[in-house]
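**Q** Below is one structure. I have some questions about it.
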Amino acid sequence: MKQNKTVKVGLIGAGAIGSFHGESIARRVPGAQLAAIADPAAEAAQRLADRLHCASATTDVQQIITDPDIDAVIIAAPARFHSELIVMAAEAGKAVFCEKPMALTIEEADRAIAAARAAKVPLQVGFNRRYDNAWAEAQRSIVAGELGTPQLLRSLTRDPELADPARVPPWAIFLETLIHDFDTLRFFNPGSEVIEVYAIADALVRPDFKSRGLLDTALVSLRFDNGAMACAEANFQAAYGYDVRGEVFGSRGMVTMGDVRRSNAAYFGANGINSPTTQLNIDLFHDAYTAQLVEFVATVRSGEVQGPSGEAARAALALALACIRSVTEARPVRLAEVL
Ligand SMILES: NC(=O)c1ccc[n+]([C@@H]2O[C@H](COP(=O)([O-])OP(=O)(O)OC[C@H]3O[C@@H](n4cnc5c(N)ncnc54)[C@H](O)[C@@H]3O)[C@@H](O)[C@H]2O)c1
């Protein structure tokens, strides 16, 4: 594709994150055009199309997949549809950006990766944290050797509110949330792979939903093949707002990142000092979400994936699956057992 050609993007899924990605394509990403929106919920597709002045809204995903004018798709449907949508889009020759998790099983992940490879289309996955300035800078310093050898790594996610526990998919704490942390830990220890995990998880926020399989709090220890040890943790209800942090401790120093404060403004009053926090992921990672799509558009033009690939998404998925087995069987699980 010519470097200066406008990349026409079809959005599949107009829910919470799909709407934000659609808005990014329409308003914030140079060289891209939001050409069509598909969502089985007709109203969701139409409402977003109206708001973003997008010419086409449909309930039929095939309309986007088979449209010869569309160069690329953004898949923001629920996770259980991801791998099938990737296969369909790739077979139709579309470049693919897919939200995490890319798939729910290793077999599905392999099918998606194979379809993109066979069709020679790029496949990028939505691990947006890599695009946050602090995370990107930390990774650059690790790769440059400034921290020496990584020895201890940590990554945590605390979501601000568990709004409707009935809508949370099974094992979401690992498959939808900690999967970000798993990608981050791998990003910070490049060239190394996790060999073993031990995970514990419980329903501490909503114990009444435990019998329905909803676990809302988890802690994972991970061991890399270069000896580094890591820790990941998540909780679905942080009273004070969105909290995502990371840390890498190496033989020559340490880097930390993440700040729950919305900005460094501090309000001084009779009750002390107050700093507002972020309540929405699209506020916390606003620029990172945009940057990953800027890179995706460059990837559509060059055909070369620079960001998180299908293979990276498969590796993070394997960690989530190993954690699920670890919790289920109450024992450490070697990655080889789930691959
Ligand atoms: N990277 C991030 O930080 C981040 C943040 C939020 C969500 N996500 C991921 O994005 C995905 C969607 O999450 P969400 O919060 O936007 O969910 P959502 O429920 O708000 O939206 C999903 C939308 O997809 C539509 N849909 C259902 N089946 C579909 C299909 N077969 N084809 C097309 N559309 C379909 C639904 O009608 C709905 O409008 C999940 O995999 C989630 O993990 C990622």
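**Q** Could you give the length gained by full extension between Asp202 and Gln279, i.e. 0.36 nm per residue of separation minus their alpha carbon distance, to one decimal place?
**A** 25.4 nm
**Q** Moving on. Would you mind ranking Leu178, Leu219 so that the residue whose beta carbon has the fewest other beta carbons within 10 Å leads the list?
**A** Arranged by neighbour count, lowest to highest, Leu178, Leu219 become Leu219, Leu178.
**Q** Taking only Cα atoms, what is the 0 to 90° angle, nearest 10, from helix 286-302's long axis to the longest principal axis of the chain?
**A** Taking Cα atoms only, the helix is inclined about 50 degrees.
**Q** Dipole of segment 42-158, Cα-centred, from +1 at each Lys and Arg C-beta and -1 at each Asp and Glu C-beta, to the nearest 20 debye?
**A** 480
**Q** Under 19 Å from a point placed 7 Å out from the Cα of Arg117 along the Cα-to-Cβ direction: which residues of segment 54-93 have their backbone N that close?
**A** 83-93
**Q** Another question, then. So how far, in whole Å, is the C-alpha centre of segment 100-162 from the one of segment 1-36?
**A** One Cα centre to the other: 21 Å.
**Q** Please identify every one of the GluC sites (Glu not before Pro) in segment 275-325 that sits in a loop by DSSP and has no more than 10 other beta carbons within 10 Å of its own beta carbon.
**A** Listed in order of number, the matching sites are Glu304.
**Q** Now, a different point. When all alpha-carbon pairs of segment 7-127 are counted, what percent fall beyond 20 Å?
**A** 34
**Q** Which of the lysines could be linked to Lys94 by a straight reach, that is with a Cα gap under 20 Å, when you skip same-chain ones fewer than 8 residues away?
**A** Of all the lysines, those that pass the test against Lys94 - Cα under 20 Å, at least 8 places apart if same chain - are Lys2, Lys5, Lys8, Lys120.
**Q** Hey, fewest Cβ within 10 Å first, where do Thr299, Thr6 land in order?
**A** Thr6, Thr299
**Q** Right, another one. Find the centroid of the Cα atoms in segment 186-224 and in segment 248-266, then give the distance between the two in whole Å.
**A** Segment 186-224 and segment 248-266 have Cα centres spaced 22 Å from each other.
**Q** Same structure, new question: Please identify the GluC sites (Glu not before Pro) of segment 104-199 that satisfy two criteria: DSSP loop assignment and at most 16 other Cβ atoms within 10 Å. Which are they?
**A** The qualifying sites are Glu146, Glu161, Glu193.
**Q** Kindly put Arg28, Arg51 in sequence by how many other C-beta atoms sit within 10 Å of each C-beta, fewest to most.
**A** Arg51, Arg28
**Q** Using a Förster distance of 30 Å, how high is the FRET efficiency between Met254 and Leu219, based on the Cβ-Cβ distance and rounded to 0.05?
**A** With a Förster radius of 30 Å, E is 0.90.
**Q** Identify which of Ala49, Ala163, Ala203 has the largest mean-square fluctuation in a Gaussian network model of the chain, with springs joining Cα atoms closer than 10 Å.
**A** Result for the chain, Cα springs under 10 Å: Ala163 fluctuates most.
Bear in mind that the values in this text are calculations on the coordinates, not laboratory data. Since the structure is predicted, the reported quantities are computational estimates derived from the model, not experimental observations. Every residue, glycine as well, gets a Cβ built from its backbone with ideal geometry; the counts of neighbours run over all protein chains shown.
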